[in-house]
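Following: one structure in structure tokens, then a few remarks.
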Amino acid sequence: MVEHELKALRVRIDSLDEKILELISERARCAQEVARVKMANLAEGETPVFYRPEREAAVLKRVMERNGGPLGNEEMARLFREIMSSCLALEQPLKVAYLGPEGTFTQAAAMKHFGHAVISRPMAAIDEVFREVAAGAVNFGVVPVENSTEGAVSHTLDSFLEHDMVICGEVELRIHHHLLVGESTKTDSISRIYSHAQSLAQCRKWLDAHYPNVERVAVSSNAEAAKRVKGEWNSAAIAGDMAANLYGLTRIAEKIEDRPDNSTRFLMIGSQEVPPTGDDKTSIIVSMSNKPGALHELLVPFHDNGIDLTRIETRPSRSGKWTYVFFIDFVGHHRDPLIKAVLEQISQEAVALKVLGSYPKAVL
Ligand SMILES: O=C(O)C(=O)C[C@]1(C(=O)O)C=C[C@@H](O)C=C1
């Protein structure tokens, strides 16, 4: 009886899959048409723009708005994210550099934002991601910029001072850390735990409670930590799912981060400006002269015009020109008339002002 019912349901699933297959193929052919139209309408010397973050944000938002379940909005958007990623790959395979090695949270962020149909290249350092993009070796780069527990990623902020980059997107990732061991690890004799310094800090209280006397060794990335553990019998690593799966490690304790809302924000960097979507954010760097009240002066125009600041970070300047440098994120697009007026006002007081980019607020 059960078998009979299951058989009937599977026949229905097969027929639905056929329809989905045909529809996805039709969509992919449409994307190929889009590419043809883009190529056919280029001005002299113009290069075609295949990747359109503002359009992708609109597609995903629409999917989430129209979704009636039972799959959740994020789950449904994730499926469409992958369909669109594959459609774009038919138009142009995107090359994306990220802070590696393979298995890092930055790679997970790159996949969450661009989907899996991109050609991804792991880089050994944040500055290398910037250089790879600047050299034109890849279309985009992905770097971490802030963590909810540990704060700013200063290497990334400093790299923005050195390179002319356009921010074209953001993505936020819930960061779950696990304690991982290899096949040969003797779990009752762990004497060393490897991880990235930020991750060790994010799990400090848990480590104090469970492994107070075990040596904590900071390495260049969580993925590197996972890699080392593979061959050592007395060590463990703190890393995420991607690294655990990549190196075939076992989770002996899951979600050990001290704060359950631990998340990291990543930025997509490139050279392409993104048009407004109506739900955007802008990042700027401002340098003010070193005098009392400079920060207040900088913030007043935002307050007076009701602009929502989402982040402000201060970094020491590296050159004489950038005496004090503020990284500011706010809601709005630099082409909005109100934002334009505010930026104008600030630039009159500032030593220098640079718009790093306006981009759609993270959808996923
Ligand atoms: O609308 C476009 O410009 C497309 O290229 C199509 C499409 C899609 O598959 O929907 C693909 C890639 C772009 O990044 C945005 C959307």
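The values are calculated or read from the model by the stated rules, or taken from the named source; none is laboratory data. Only a predicted model underlies this, so the values are computations on that prediction, with no experimental measurement involved. Don't worry about glycine lacking a Cβ; one is built from the backbone with ideal geometry, like all the others, and counts go over all protein chains shown. These accessible areas exclude ligands, DNA and RNA; they are computed on the full protein's heavy atoms, side chains included. Shrake-Rupley method; radii C 1.70, N 1.55, O 1.52, S 1.80 Å.
Need one number: nm distance between label points at Thr250 and Asn290, each 7 Å from Cα along Cα→Cβ, rounded to one decimal.
The modelled label-to-label distance comes out at 5.7 nm.
Using helices alone, I'd like the mean residue ellipticity at 222 nm for the chain: each DSSP H run of four-plus residues gives -39500 (n - 2.57), total over residue count, nearest 500. Mind showing how you got there, number by number?
Details: 12 runs with 151 residues, N = 364.
Calculated from helices alone, the mean residue ellipticity at 222 nm is -13000 deg cm²/dmol.
Given R₀ = 30 Å, FRET efficiency for Glu215-Glu102 by Cβ-Cβ distance, to 0.05?
Working: r = 26 Å, r/R0 = 0.86.
FRET efficiency, Glu215 to Glu102: 0.70.
Measure off, as a whole percent, the carbon and sulfur share of the 1.4 Å-probe accessible area of region 110-196, all protein chains present.
Answer for region 110-196 is 45 percent, counting heavy atoms of protein chains only.
Measuring with a 1.4 Å probe in the full set of protein chains, what accessible area per residue, in whole Å², belongs to region 273-360?
Values: 4310 Å² over 88 residues.
Ligands and nucleic acids excluded, the figure is 49 Å² per residue.
Please grab the % of Cα pairs in the chain that end up more than 27 Å from each other. The partial results should precede the final answer.
Values: 37343 of 66066 pairs.
Counting pairs separated by more than 27 Å, the tail of P(r) holds 57 percent.
Note the full-extension length gain between Asn305 and Glu65 as 0.36 nm times their separation in residues minus their Cα-Cα distance, in nm to one decimal.
Stretched out fully, the Asn305 to Glu65 stretch lengthens by 83.4 nm.
Say R0 is 25 Å: what FRET efficiency, to the nearest 0.05, do Ser148 and Val49 get from their beta-carbon distance?
Details: r = 33 Å, r/R0 = 1.33.
Efficiency, rounded to the nearest 0.05: 0.15.
How would you rank 18-30, 134-146, highest first, on the average number of other Cβ atoms within 10 Å across their residues? Walk me through the intermediate numbers first.
Values: 18-30: 11.2, 134-146: 21.0.
Result, highest mean first: 134-146, 18-30.
So the label point goes 7 Å from the Cα of Asp258 along Cα→C-beta, right? Which residues of region 204-248 then have their backbone N under 11 Å from it?
Label zone hits: 204-209.
Once fully extended, how much extra length lies between Leu42 and Asp208, figured as 0.36 nm per residue of separation less the alpha-carbon to alpha-carbon distance? Walk me through the intermediate numbers first.
Numbers: separation 166, 0.36 × 166 = 59.76 nm, distance 6.07 nm.
So the extension gain works out to 53.7 nm.
Build a GNM of the chain with springs between Cα atoms under 10 Å: which of Ile13, Ile346, Ile126 gets the top mean-square fluctuation?
Taking springs between Cα atoms under 10 Å, the residue moving most is Ile13.
Determine the percent antiparallel among the DSSP beta bridges restricted to the chain, to the nearest 5. It would help to have the intermediate numbers written out before the result.
Numbers: 45 of 61 bridges.
Restricted to the chain, the bridges split so that about 75 percent are antiparallel.
Express the carbon and sulfur contribution to the solvent-accessible surface of region 273-360 as a percent, rounded to the nearest whole number, probe 1.4 angstrom. Please report the intermediate quantities before stating the final value.
Values: 2210 of 4310 Å².
Carbon and sulfur: 51 percent of the exposed surface of region 273-360.
Placing +1 on the Cβ of each Lys and Arg and -1 on the Cβ of each Asp and Glu in the chain, which of Cys30, Val118, Phe50 has its Cα farthest towards the positive end of the resulting dipole?
Selected residue: Val118.
Pull out a ≥ b ≥ c, the square roots of the eigenvalues of the alpha-carbon gyration tensor of region 273-360, then state rounded if a/c is under 1.5, prolate if not and a/b is larger than b/c, and oblate in the remaining case.
Prolate.
Got the relative contact order for region 178-261 handy, in percent, Cα pairs under 8 Å and 6 or more residues apart? Could the numbers behind the result be given before it?
Values: 168 pairs, mean separation 40.9, N = 84.
Averaging sequence separation for qualifying contacts and normalising by length gives 49 percent for region 178-261.
Using 0.36 nm per residue, how much length does the chain from Leu6 to His163 gain when fully extended, once their Cα-Cα distance is taken away?
50.6 nm
Could you provide, to the nearest whole Å², the per residue accessible area of region 178-261 with probe 1.4 Å? List each step's numbers first, then the result.
On the way: 4230 Å² over 84 residues.
The answer is 50 Å² per residue.
Report in % the part of the accessible area of region 1-71 that belongs to carbon and sulfur, leaving out ligands and nucleic acids; probe 1.4 Å. Display every interim value, and only then the final one.
Working: 3410 of 5830 Å².
Carbon with sulfur: 59 percent of the solvent-accessible area.
I want to make sure I understand the PRE zone here: with the label point 7 angstrom from the Cα of Thr323 toward its beta carbon, which residues in region 335-352 have backbone N atoms less than 18 Å away?
Backbone N within reach: 346-352.
What percent do you get for the relative contact order of the chain when only Cα pairs under 8 Å and 6+ apart count?
Working: 700 pairs, mean separation 64.1, N = 364.
With pairs under 8 Å counted, the relative contact order is 18 percent.
Gaussian network model of the chain, Cα springs within a sub-10 Å range: biggest mean-square fluctuation belongs to which of Leu16, Leu161, Leu249?
Greatest mean-square fluctuation among the candidates belongs to Leu16.
Using a Gaussian network model on the chain with a 10 Å cutoff between Cα atoms, which of Thr185, Thr282, Thr264 fluctuates the most?
Thr185
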